[in-house]
Amino acid sequence: MSVLDVEGIDTYYGNSHVLHDLSLSLEENEIVALLGRNGAGKTTTLRSITGTVSPRSGAIRYRGEDVAGRSVDAISNSGIKLVPEERRVFPTLTVEENLLVAAESCANPREIGEMYEVFPVLDDLRENRGRNLSGGEQQMLSVARALVQNPDLLLLDEPTEGLAPVIVEDLRKVFREVVERDVTVLITEQNVEFALDLSERGYIIEKGTNAWEGSIDDLQQREDLLEQYLSVSIDEGDGERETETGSDAEGSTDSAPS
Ligand code: ATP
């Protein structure tokens with residue numbers, strides 16, 4: 001049985017129809033990338049899974065049970081944890097207190113000591129308050145807060161957003177270690193290289209609908225898809241991939257496949 005099956009969901013904000021018949025699935029202990037340009041609907045997909053916004057049609061089966069329409073708390077308590085794009089740490093609490101509060105709010109937490117093994121940088125910062133942490137340290141703490149709650153399925157929304165390259169490298173190591181700890185992960189990223197490097201399978205969504213799915217090995221060979229849907233282009237000078245930043249770069253959709 002899959003850990004998660006999203007089956008043909010349609011999600012709206014008011015009258016605005018954002019997700020159209022969107023489907024994806026995750027198997028046990030996979031790390032799967034959900035890719036697409038700004039505004040493609042990645043965050044809305046995660047919000048639909050966590051119950052923040054309920055799909056109007058379709059099904060979301062978590063370990064076989066349809067959870068669409070359940071409350072955010074009920075879905076969270078069942079084992080799905082989201083690390084949202086905007087980092088959530090308590091600014092006036094220390095690192096240790098942030099972890100304790102997260103652990104105390106769930107029935108079956110992991111040991112806080114285990115979090116310090118995964119995130120040695122947090123071990124050094126135990127007594128520091130959330131507001132005094134750097135962006136990267138706050139992101140580590142956000143992920144640790146989700147992980148201490150013993151998630152079965154972890155949803156990471158653009159975890160590298162705004163972080164310095166050296167911190168991104170630390171996160172890469174951390175996420176690899178997270179998956180070693182029996183957690184299934186769905187990750188959305190604008191940093192395509194980061195997502196491709198971590199994941200085995202991926203989905204590309206465009207304008208709220210499925211555009212492609214397959215193995216990351218295949219996607220790595222598909223410069224046409226990378227360019228068309230993810231605005232990644234090859235620099236002819238050094239052969240390096242470059243990602244356009246900014247919003248839903250509409251103009252790039254008509255780039256010729258290589
Ligand atoms: P980004 O990387 O910019 O977060 P995304 O792929 O995660 O992009 P979403 O945030 O899911 O995309 O947005 C999908 C569409 O839904 C966009 O057109 C966006 O403007 C719209 N949208 C997002 N949140 C809301 C909201 N609360 N109310 C109305 N429309 C929204």
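Listed here are the helices (runs of 4 or more DSSP H) enclosed by region 1-104 that have at least 3 residues being within 16 Å of the ligand (Cβ to nearest atom): 42-50. Across region 130-184, the number of residues qualifying as among the hydroxyl-bearing types (Ser, Thr, Tyr) and touching a helix residue (DSSP H, G or I) at 6+ places or on another chain (Cβ under 6 Å) comes to 1.
Of all residues in region 38-54, exactly one satisfies the criterion of being in contact with a helix residue (DSSP H, G or I) (Cβ under 7 Å, 6 or more places away or on another chain) and either basic (Lys, Arg) or touching a residue at least 60 places away in the same chain (Cβ under 8 Å) (or both), namely 50.
Whether a residue is part of a helix (DSSP H, G or I), over 20 Å from residue 118 (Cβ atoms) and modelled with pLDDT of 90 or more was assessed, and residue 225 does not pass this test.
From the list 19, 24, the lone residue that is surrounded by 18 or more Cβ atoms within 10 Å (Cβ to Cβ), closer than 20 Å to residue 185 by Cα and modelled with pLDDT of 90 or more is 24. I need every pair where a residue in region 131-156 that is on the phi > 0 side of the Ramachandran plot has its Cβ under 8 Å from the Cβ of a residue that is surrounded by fewer than 24 Cβ atoms within 10 Å (Cβ to Cβ), sequence separation at least 6 or different chains. Every condition considered, the pairs that remain are 150/79; 150/106; 150/108; 150/109; 150/110.
Report yes if some residue within region 165-176 is part of a loop (DSSP other than H, G, I, E, B) and not hydroxyl-bearing (Ser, Thr, Tyr); otherwise report no. So far as region 165-176 goes, no, none of its residues is part of a loop (DSSP other than H, G, I, E, B) and not hydroxyl-bearing (Ser, Thr, Tyr). If you scan region 71-97, which residues turn out to be buried (at least 18 other Cβ atoms within 10 Å of the Cβ) and more than 21 Å from the chain's Cα centre (by Cα)? Matches in region 71-97: 95 only.
Tell me yes or no: at least one residue of region 158-167 is at pLDDT 90 or above and under 18 Å from residue 78 (Cα atoms). No, that holds for no residue.
Specify which of the listed residues (126, 110) is in a loop (DSSP other than H, G, I, E, B) and more than 26 Å from residue 26 (Cβ to Cβ). Testing whether each residue is in a loop (DSSP other than H, G, I, E, B) and more than 26 Å from residue 26 (Cβ to Cβ) leaves just 126. For region 1-29, the set of residues classified as within 25 Å of residue 179 (Cα to Cα), out of contact with any helix residue (DSSP H, G or I) (no Cβ under 8 Å at 6 or more places or on another chain) and not hydroxyl-bearing (Ser, Thr, Tyr) consists of 1, 3, 5, 7, 26, 27, 28, listed by residue number.
Could you please let me know if residue 176 is basic (Lys, Arg) and closer than 24 Å to residue 32 by Cα?
When the stated conditions are applied, residue 176 passes them.
The values are calculated or read from the model by the stated rules, or taken from the named source; none is laboratory data. Treat the numbers as computed from the prediction; the structure is a model and nothing was measured. Reconstructed Cβ throughout: ideal geometry from the backbone, glycine too, with neighbour counts over all protein chains shown.
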